[in-house]
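Here is the structure we will look at, set down as structure tokens.
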Amino acid sequence: MWRAYVCLEKLLVPLELADTEQVYPTRTELSSLVRLINDEMHRRIELIDTTLHAARAPSRHPV
């Protein structure tokens, strides 16, 4: 997770514009950021799926 934050910092707040190492995130940092985003998207999609199944369950079994 730390590398993901470093990546965001480099993308949003470059310390010195002349220093390309500080401006451009590394492949590892970008990979960490993408992994973090994918994990969060997966978590949210599962939550939505669970909520939809719970909402549909009563309609399948009318009272």
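Read the figures in this text as sums done on the coordinates, not as results from a lab. Because the structure is predicted, anything quoted here is derived from the model rather than measured. Counting neighbours? That spans all protein chains shown, and the Cβs are built from the backbone with ideal geometry, glycine included.
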>> As a footprinting exposure proxy, order LEU12, LEU33, LEU47 by other Cβ within 10 Å, with the fewest listed first.
In response: LEU12, LEU47, LEU33
> What is the packing order of peptides 34-40, 51-57, taking the mean over residues of other C-beta atoms within 10 Å and listing the highest first?
Replying inline: 34-40, 51-57
